[in-house]
Amino acid sequence: MTEKPKQRLAGDPSEKEEIERIIRVDHAGEFGAKRIYAGQLAVLGKSKYASTIQHMAEQEEKHLNFFSDAISDRGIRPTALLPIWHAAGFALGAATALMGPKAAMACTVAVEEAIDEHYQSQLERLPESENQLKQSIAEFREEELEHRDIGLEHDAEQAPGFEVMSFFIKRGSKLAIWLSERV
């Protein structure tokens, strides 16, 4: 049985607009992730966790470079919210790191779980004509899941208030995604 293509409704973004949104929001997300790790490193940069956080930061930098190139190559407007994500990402990373390494890892777990859902949804929506973009998002998704697993291996779930912190960080991440697609 073949699937019927999803019917576009009035007000739905065109395929081109949808792809622009995907690239815009992923650029913003990777920018925010880079800033979260910068905040964590500012606090934990001399601790035994520094090399682990640095490893994740380097992968986020690679993701950001890919989406920065896509923004430039395709002439896509980045989100106007980058200055906010610059400050908010660093503040989130630093604040959770100040609560301790387990809280920093809890932050990583929560953000990466939200990103996993986000990237999976994009992979399901992207057309086959965007194979390179799909492959890159799939690769980045695997690395984000690696970050989540690293956080879990470093006792993220033992952070004080893990469930509450995770809930609010995931909600904030999802709000940032929604806003960055549109603004």
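None of the figures in this text is laboratory data; all of them are computed from the coordinates on show. What you see is a predicted model, and the numbers here were worked out from it, not measured in a lab. Heads up, the Cβs are rebuilt from the backbone with ideal geometry, glycines too, and the neighbour counts pull from every protein chain shown.
Before moving on, here are some points about what is shown:
- The chain: angle of helix 50-74 to the longest principal axis, Cα-based, in degrees nearest 10: 20
- Dipole axis of the range 16-182 (+1 Lys, Arg; -1 Asp, Glu on Cβ), positive-most option in 175, 91, 38: 91
- Each of the peptides 113-120, 134-141, 46-53 was scored by the mean count of other Cβ atoms within 10 Å over its residues; in descending order, highest first, they stand as 113-120, 134-141, 46-53.
- With Cα atoms, 0 to 90° folded angle of helix 15-44 axis to the chain main axis: 10
- Too-long pairs where the Cα-Cα distance tops 24 Å, listed order kept, from 102/174; 34/174; 48/174; 48/102; 62/134; 48/170: 48/174; 48/170
- Computed about its Cα centre, the charge dipole of the chain is approximately 680 debye, with only Lys, Arg, Asp and Glu carrying charge at their Cβ.
- Centroid-to-centroid, using Cα positions, the range 15-55 and the range 107-183 are 11 Å apart.
- Shown here: the chain, whose C-alpha atoms stretch 50, 37, 26 Å along the first, second and third principal axes, sorted largest to smallest.
- In the range 16-182, Cα pairs under 8 Å separated by at least six residues give a relative contact order of 30 percent.
- Residues in the range 138-148 carry Karplus couplings, in order, of 4, 5, 5, 4, 4, 5, 5, 5, 4, 4, 4 Hz; the curve used is 6.51 cos²θ - 1.76 cosθ + 1.60 with θ = phi - 60°, and Gly or Pro positions show x.
- Extension gain, residue 145 back to residue 124 (0.36 nm per residue minus Cα-Cα distance, nm): 5.8 nm
- Once the Cα atoms are used to define both axes, helix 162-182 deviates from the longest principal axis of the chain by about 30 degrees.
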